[in-house]
Structure formats: C-alpha cells, structure tokens
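Please treat every number below as a calculation from the coordinates, not as lab data. In this text the structure is predicted, and so the values were computed from the model without any measurement. Neighbour counts run over all protein chains shown; Cβ positions are idealised from the backbone, glycine included.
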Amino acid sequence: MGTVNGLPAHILLVHAIVVLLPLAALLLVLTAVWPAARRRFAGPNAILSVLVVALVPVTTSAGEWLEHRVAETTLVRDHAELGDTAIWAALPVALLALGIWWRQREATMSTEARATGGSAVTTAIQRRTYLAPLSVTITRIIIALAVVIAGWAVYDTYRIGDSGARAAWTGNFSSVPAQEGSAGD
C-alpha cells in the first residue's frame, strides 16, 4: 500500500496501531483481572486484538514502501528494525485475549448448565471446559501473563513510535518560531 489521499499510507495506518494495540493491551489486563469487565469485554477485545494482528503487517508493509522513498538514515533504519517487532507484541495480546474470551465462554456455559438442573446434556457441557474457568491457579497465571504481555506491548509500541517520530522530525523543525509574513502582507 503506497498512498492514501496523497499521503504515505504508513503515517496514517501507524496511528491506528498506536491507539488500538495499547487499548487491546489495557482491555487484556482488565478482562484478566476483573470478572465484570471479562463478561462485557472479553469478546470485543478478542475481535479487536485479532484486528490489530491483521493491521500490523499492513502497516509494516506500508512502512517498507515509505522506507524506500525517504533518505536512508540511521534513525530510519532503526525505526524499520523496531517496527518489525510489532507483530511479536500484537500476537501474544491476541492469543491471550482469545484465551480469556474462551474461558469466559466456558464459564458462562458451565453456569448456564448448572442453572438448568443437571441433565445429561448439561453434564457433557460441564465436562467440556478446556481452560478450567473456575481454576484459581490458572486464573492467577493468566493475570500474570496478561500484565507482562500488556506491559511489553505498550512498551514496544512506545519504542517503535518514538523511533518513528525521531526519524521523521529530527532536523526538520526549528526551536524558534518561523517568521510570519513580511510587514507588507
């Protein structure tokens, strides 16, 4: 993808990643820690996280297109290398978000089965829980993973964004205001 409305697509797409990946990471922690948030946001966050994973290669591809059309500098090269790590921050967020959604789904199914009484069908549903929604140990492991993975995703997004801003703006502005038009204007 090259340009959108005359602007490099990368500079537009990157804003989606900078907003959506940390948002997905925040929702990951909330859904891991807070059961009310899990019930409400586990599904939407799983969808958002998968969307981010799909958007990262599109954004990096647009970045590679742009990289070949700007002056080669150390800052641009460093940014391009850091940009390649974004998928490794987005993938674990998505995988864990899907896992949390699945646990919530299984917990909901198990609760519904108990509420209907203990028929043969509900007993089969109760036994089909793969991620043990009621296991305290697994919940604690998921919370710890969520905090670490979300922290990494936010930090990586910051590093990539900071390097991109440095590559784009270093030496391209003045610390003093530009002179406004001449007195005759």
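Listing for the model above:
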{"item": "Residue order, fewest to most surrounding Cβ atoms within 10 angstrom, among 108, 137", "result": "137, 108"}
{"item": "Residue order, fewest to most surrounding Cβ atoms within 10 angstrom, among 157, 3, 59", "result": "3, 157, 59"}
{"item": "Amide H contacts under 5 Å for residue 3, placed H, 5+ residues apart", "result": "9"}
{"item": "Which of 38, 77, 159 has the fewest Cβ neighbours within 10 Å, and the rest in rising order", "result": "77, 159, 38"}
